[in-house]
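Trainee: I'd like to ask some things about the structure below.
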Amino acid sequence: NSSQKKITVQTNLGSQMFALKLEALNPTQGTAVAEVTLSTTPDDLLSNIGRSLGSFTLRYTGVALASQGTGNDTHTITFTIQTQ
């Protein structure tokens, strides 16, 4: 259909030891939002996507402080395309 689409993103990990951020870089279609800190609530990543083929690069950034100690976070990240 001709409706504008958007992509949302979320993680399945509810209790994160360390923050994981995601950013869409240089989209050829749509508008990238600011860097997103992943949570279990879906956040917009890219909006105003048309019907043409497009691409973008994903940049993940992990944030860990020495005061948080050591550990591991394992994420399953879900991307969803939906009508705006």
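Trainee: At 1.4 Å probe radius, can you tell me the per residue accessible area of the chain in Å²?
Mentor: On the way: 5300 Å² over 84 residues.
For the chain, the per-residue accessible area is 63 Å².
Trainee: Within the chain, what whole-number % of the accessible surface is contributed by carbon and sulfur, with the 1.4 Å probe and all protein chains included in the calculation? If you can, show how the numbers build up before the last one.
Mentor: Details: 2560 of 5300 Å².
Roughly 48 percent of what the probe reaches on the chain is carbon or sulfur.
Trainee: Between residue 23 and residue 3, how many nm apart are label points set 7 Å from Cα along the C-beta direction?
Mentor: Computed distance between label sites residue 23 and residue 3 equals 3.1 nm.
Trainee: Using the Kirkwood formula over every pair of different C-alpha atoms, what hydrodynamic radius in Å results for the chain? All intermediate terms of the calculation are to be shown ahead of the outcome.
Mentor: Numbers: mean 1/r = 0.0723 Å⁻¹.
Kirkwood hydrodynamic radius for the chain: 13.8 Å.
Trainee: Loop only per DSSP, at most 13 neighbouring Cβ atoms within 10 Å: give me the trypsin sites (Lys or Arg not before Pro) in the range 1-64, ordered by residue number. Each step should come with its number before you reach the end.
Mentor: Numbers: sites: 5, 6, 21, 51, 59; in loops: 51.
Hits after loop and neighbour filter: 51.
The values are calculated or read from the model by the stated rules, or taken from the named source; none is laboratory data. Since this is a predicted model, take the numbers as computed values, not measurements. Using ideal geometry, Cβ is built from the backbone for each residue, glycine included, and neighbour counts are taken over all protein chains shown. Keep in mind that these areas ignore ligands, DNA and RNA; they rest on the heavy atoms of the full protein, side chains included. Shrake-Rupley method; radii C 1.70, N 1.55, O 1.52, S 1.80 Å.
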